[in-house]
Amino acid sequence: MTTPSSPDRWGLPLGLSAFVLWGAMPLFFPLLEPAGPVEIIAHRVVWSLVFCLVLLAATRQLGSFVAVLRSGRTMGALAVASVLIVVNWTTYVYAVLSGHVLDAALGYFINPLLTVLLGVLVLRERLRVAQWVALGFGAAAVVVISTGVGGLPWIALVLAGAFGLYSLVKNRVGRDVGALPGLAAETTVATPFALAYLFWLGATGAGTFTTDGAGHALLLAACGVVTGLPLLLFSAAARRLPLSVVGMLQYLTPVLQFLLGLLVFGEHMPPARWAGFVLVWVALVILSVDGTRHARAARLADRARTTVVPEP
């Protein structure tokens, strides 16, 4: 008989697996060359939908997926999410294939800071002093890198911006839509455009799916598994782990990307870029410590409100 605590033992391995797979993605996309970034993303969209539909059928969640498709309001939000995630995916693949893995890592380090900023600009949230300080360090990092390297780190900013907005949209529909039906709906929106592009590539002879061997075609088809599997692992882990643990695990992905860019791909790290990364890491430490303290204080306050004081 399974005890209630048994599933919790799987939370950390599932979460680690998800974030390690995301962090290791820079090793996968170069295997898809000579396909370019847009062709890769088109295949990623199509095969992700196929993978999702197979899993939805296997887990008997097709009804949930159909319900999402029938909800005009939900599909409107997911259509926006689809555009944002395609922008994120395309920028990321371009970064990997053009030797900017470190910029991609910087984008995902910046993302939590940008999420806080979006809370102010879009949701009209009020920030605590420590959050403002963290944002200040993040802004200083962008300035230092821009002036030292000779231009805005646009790849990092686009990745962080697209994913931050995507997270904001998903937060609005996430309470009602599961991870798997949601991804299936998002890829459903993008699939007609992806297929049209792939057919155009085939008609003009510019595509690589049918011209570079069975191994290459299988790797392109594997984009669906590479996209869907970490999401499923993350979804399973999020149900088993405290939010604070999930929040700390998320930094594993950009750390791995940073190490791959530096040690495996041998990308250059001038002093200005090092200084910028250090400023971002300081900002994330401040943000994490403040978030942990605030969450603990909120739990204690909630416990105090629910404690029943016996009458004398």
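Since every read-out is calculated from the coordinates, none of them should be taken as a lab result. Owing to the predicted nature of the structure, the values given are computational and were not obtained by experimental measurement. Methodologically, a virtual Cβ is constructed for each residue, glycine included, from the backbone with ideal geometry; neighbour enumeration extends over all protein chains shown.
Data table
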item	result
The stretch 81-175, relative contact order [Cα under 8 Å, separation at least 6], %	48 percent
Per-peptide average of other Cβ atoms within 10 Å, ordering 101-107, 245-251, 85-91 highest first	101-107, 85-91, 245-251
Among 178-188, 61-71, the order from most to least packed when residues are scored by Cβ within 10 Å on average	178-188, 61-71
Summed side-chain charge close to Leu102 - residues other than Leu102 whose Cβ falls under 12 Å, Lys, Arg +1, Asp, Glu -1	-1
Given charges at beta-carbon only (K, R positive; D, E negative), |dipole| of the stretch 1-113 in Debye	460 debye
